Amino acid sequence: MYIFVFSSSSSLSSLCSAAIQVEITPAQGEISVGESKFFLCEVVGDVKDIDWYAPSGEKILHTRPNISVSRSDETTSILTIYHANVDNAGIYKCVAKDGDKEAQATVKVKIFQKITFQRAPSPQEFNEGDIADIVCDVVSSPPPTIIWKHKGSLIQATKDVRYKIMENGHLQIRGIKKIDEGMYVCEARVMARGEIDFRTMKVIINVLPTIRARKSEVNATADISKSALLACDADGFPEPTVTWAHNNVVLETGDKYSLNEDGSELLIKDVKKVDEGDYTCIAKNKAGRKTEEVSLNVFMIPNITYFNNKTASEFDEEVTLTCEASGDPTPTISWRFGNRVFTEGEQASWTRPDKYENADRNVVVLSHARVSSLTLKVVQFTDAGRYLCTASNSIGEDIQPVYLEIHYAPKIMGVVAVYTWEGNPANISCEVVAHPGASVTWFRDGIQLPSGNTSNVKIYSTPTNSYLEITPESQNDFGSYNCTATNMLGSESKEFILIQAEVPSSPEIQQVVPFSSTAVVEFEEPYSKGGVPIIRYKVEWRLLGKEWNSKEYNAEDGMTRITITGLKPETTYEVKMFAINGKGEGESSLASTFKTKPVLASVTPPAIATTSMTSREPNAPKLEITAVKGGNTFKVKWIKQDDGGSPIKHYLLRYKAKHVSDWKPELRLPPASEYAMLRGLDWNTDYEIHVVAENQQGKSEPSVTFFRTAVEPTTIPDTREGGSGLGTGAIVGILVVVFFVLLVAVDVACFFLNKCGLLMCIAVTFCGKAGPGAKNKDIEEGKTAFTKDESKEPIVEVRTEEEHTPNQEGGGPTEPTETTPLTDPEPAAANTPHMVVNLNPSAAANSVSESFSTPQNNPAPNPTNGAPAKSSPKNSTASSLKADPEPGVGPLVDLSDTPRVALSSNPTPPVLDPSADRSQSRSGRAPDCSQSKELQVDGPAKDAPHAPSSDSTASAQNDGKTVKDDNTKGETEAKNATAEVKAVPNEAPQVNGNESKA
């Protein structure tokens, strides 16, 4: 940096010093490089010219590039230096002249260089491991002192040999690392002026990419429309870009290849064999470029490319089947015929073919690389059929059937001896194998069947079998029958024998294992079954000297034991067995005697416990599952097995759907039960069931079974074509019209039959008619009124005449009103039993209850004699008398049986039990719904609490009215009548006619 100092001096000419004076302002000056500054030259006195002279002595003209001279008036002149540089330093002179008079002044201009950063770029990037030269070019006069800082700390080259401050002020870092990245400060100082300045620059360290393949080798299968994925992961700074190349060709996204966003994954679509090879993963950033190879191995599933079917005749010398296949790895070819496998063993090559011969040395397999042949040295009819050529490698396999057709004469097979009995049809099967097919003919004694005199013989044929059905009618039908099969290559005959079947011999009882209530009979099958299978076993047992009990059991394969149930503990029995086949029941086995075990108590005191009474847990019951109509309801039936010497206490059943872990709640079933119904199961679901038998000693092993519910049925809409053509709107309209017509018809029927409905309301409104069933006048006259509530059940209303009973609260009679309880003993025949009215409490909550009183004075009502039957409008209400399906609620009883309790000769008002009577006396009214429950009242001294007779009697006497029936015959008959009343909680009063409705 350069410093320029300006100074000026003035002097007068020796001749004219007093006349002219020149002064430069400022008198001296310093200016930094690049700055601009002007100097003013002022003249005292009259002058004609004012000129400036450069340090070189040259007069400064206006043509100089960065120095200019201007005269503002007659006495001043300005020197301006623009953007000063070191060349502009020196002594400048201002000269004023007027003729021969002259004066001058000088100024010394000093130009200096400030601290200037010429080049300090940011950021500056370097590769990791390089020798980094961090640039910081700075100038000044005098030259500055340079120091460096990193992350706020002073860099001292003497302490870290990696750092060095160069002569030009640059910072050199040898083997720069990623940790050296960050902000650096380049600071310049000029001690002479105390000047300081700095620049901050960012240093970035780029890291060469590192790359790794997820799999160095990728296997793929060709020609199966599958894709292969190659992937590599790259790191570095900055983040590298990844590309892929194959055979030096950069791959791009298209129909064949697909790249993800960062290029790290290459997807090769529809892999073919030509796609096999090495793929290069390339990672590139500012620090450089790295590559990694990934190999793609493409394998091929074996494919059988050639095979040949052959036709031969039986006993030909030899026939060869050939099969050729391709694949990678080279496939192994094997042959299969039925359950026999022929293989070449170790993979063969063209130079070392492999040879295989089977045990009878009739089959030879030769393999040459991808070709295999199977040769039959001697052709037999059993060799005809389908041979499977299988080409397999580590990727998969291909199977192709190769057919060998053999022409041969008929061969007859089948069971020679057939057993039956007279009247039982039997089939003799003549199984014929032949190619071409053969015709079959049956003979007996040289006569072709069926003949004219053999009506009990029928022949049925299938492509491979001919069945002769014979129903023996006598011993003559048993014997020999001939089957003859013929085709173009020859014929063959075979004799079959029809034998008379016998009943089986007796089974042999090996031992009997007794328990308390069961016994297990172990036996051996009969040595002779009589020629036909055993279908059942019959077991008979009895107490000594008593009659035999018997039970039959269906025979099963390998059946050697049968369990007898229902025995008595500590009892001696004898048992014998029979075998039964289709012919009949065989002989009895020898009887075996056994004694059942005693029943052990559930808790045996230690003092009396014995070891002689051995018992154990029962055997698991046998389960049978049956689907019930519907598909999601199943019947689980169990069959009791050995009880272990102690009676079964109960059965435990639990079940669950197989796909869940939680069991349904366990069911405990009584020992006499035999089955359980599982309803509402999930559709199309597998279920698991466990049933356990338990006795005093413990539980049996669970008997486990599984079943599956049916698929939920769906309603299939009718899709038949050729509909009526009516639109949806027309159909809806027709339905609405039909519904309206039905409503009108129902309303008219209700008007004429029940005097109700819309027409009835209109008639009452406009014509002033009283509604049907009005009873004000009828009640006053003591006549019977009938009405129906919403449930359409009859309401029986009875008004009675009894002795006067004073009111218990007020001491006087109660004036009857429309809602005053009016009760009258209901007349009944002498033979009438207790009557039970069964009501479901839930149904009674929405309907009005009905009470029946014990008959006292009035004869039995009869619809034909007009006897009235009345009840209180408030307390005697109608109820539906439908039969209750719940247990404990019985239907109405026929009134023709003999009563259980005779009535007293003196009529007595019905009285409830004392507690109910006292509570009613205090309240002075019938109990409400909260007090009255479902009650059962028997005998003449009890009555329903809804209608106390004292209230009704007082009302009737104070009214001065007495209601009597003309028929007096029933008075004597009513003495023996009884009633049983079952009442329900009282509800709102039932009214009819024009009275207000509840």
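The values are calculated or read from the model by the stated rules, or taken from the named source; none is laboratory data. Computed from a prediction, not measured in an experiment: that's the story for all the values here. Methodologically, a virtual Cβ is constructed for each residue, glycine included, from the backbone with ideal geometry; neighbour enumeration extends over all protein chains shown.
For the reader, a short list of remarks on this structure follows.
- One residue stands out among those in the range 551-572 that are touching a Ser or Thr at 6+ places or on another chain (Cβ under 7 Å) and assigned to a strand (DSSP E or B): the one that is surrounded by the most Cβ atoms within 10 Å (Cβ to Cβ), which is I564.
- Some residue of the range 171-181 being in contact with a Ser or Thr (Cβ under 9 Å, 6 or more places away or on another chain) and either within 30 Å of L267 (Cα to Cα) or touching a residue at least 40 places away in the same chain (Cβ under 8 Å) (or both): no
- Top-ranked residue of the range 105-135 - restricted to ones that are β-branched (V, I, T) and more than 21 Å from M201 (Cα to Cα), ranked as modelled with the lowest pLDDT: I111
- Of the residues in the range 193-201, at least one is in contact with a Lys or Arg (Cβ under 7 Å, 6 or more places away or on another chain) and among the charged types (D, E, K, R).
- Which listed residue is in a strand (DSSP E or B) and touching a helix residue (DSSP H, G or I) at 6+ places or on another chain (Cβ under 9 Å), from V138, V109, V95: V109
- With respect to the conditions (1) more than 30 Å from G479 (Cβ to Cβ); (2) of a type outside the set (G, A, S); (3) in contact with a strand residue (DSSP E or B) (Cβ under 8 Å, 6 or more places away or on another chain); (4) at pLDDT 90 or above, N581 lacks only one, and its number is (1).
- A single entry from H62, H83 fulfils the requirement of being in a loop (DSSP other than H, G, I, E, B) and without any contact (Cβ under 8 Å) to a residue 24 or more places away in the chain: H62.
- Residue-level analysis places K48 among those that are at pLDDT below 85, farther than 30 Å from R189 by Cβ and basic (K, R).
- Just one of the listed residues (E42, E74) is under 14 Å from Q21 (Cα atoms), in a strand (DSSP E or B), without any contact (Cβ under 8 Å) to a residue 40 or more places away in the chain and of a type in the set (D, E), and it is E42.
- Subset tally (residues that are surrounded by fewer than 17 Cβ atoms within 10 Å (Cβ to Cβ) and either outside any loop (DSSP other than H, G, I, E, B) or of a type in the set (S, T, Y) (or both)) for the range 258-283: 6
- You will find that of I639, I689, the residue that is of a type in the set (A, V, I, L, M, F, W, C) and at pLDDT 90 or above is I689 and no other.
- All of E547, E552 fail the test of being at pLDDT 90 or above and farther than 24 Å from P671 by Cα, apart from E547.
- Residue within the range 8-30 that is under 28 Å from I196 (Cβ atoms) and at pLDDT 85 or above present: yes
- Residue list for the range 196-211, filter: surrounded by 14 or more Cβ atoms within 10 Å (Cβ to Cβ) and over 30 Å from C186 (Cα atoms): P209, I211
- Being in the same structural domain as E473 (by TED's automatic domain parsing) and not in a strand (DSSP E or B) is not true of E431.
- Checking the stated criteria, Y553 turns out not to satisfy the condition of being without any contact (Cβ under 8 Å) to a residue 24 or more places away in the chain and over 27 Å from G645 (Cβ atoms).
- Only listed residue being surrounded by fewer than 14 Cβ atoms within 10 Å (Cβ to Cβ) and touching a Gly at 6+ places or on another chain (Cβ under 8 Å), chosen from P463, P436: P463
- Residue in the range 397-407 that is polar (S, T, N, Q) and within 25 Å of V341 (Cα to Cα) present: yes
- Tally of residues being among the aliphatic types (A, V, I, L, M) and crowded, with 18+ Cβ neighbours inside 10 Å across the range 682-712: 4
- The condition of being surrounded by fewer than 19 Cβ atoms within 10 Å (Cβ to Cβ) and touching a residue at least 60 places away in the same chain (Cβ under 8 Å) holds for only one of V139, V161, that being V139.
- Checked against (1) surrounded by 15 or more Cβ atoms within 10 Å (Cβ to Cβ); (2) in contact (Cβ under 8 Å) with a residue 24 or more places away in the chain, E473 meets all criteria but (1).
- Pairing residues of the range 294-306 that are closer than 8 Å to V218 by Cα with residues that are of a type outside the set (A, V, I, L, M, F, W, C), at Cβ distances under 6 Å and at least 6 apart in sequence or on separate chains, gives V294/Y279; S295/E217; S295/D278; L296/E276; N297/N219.
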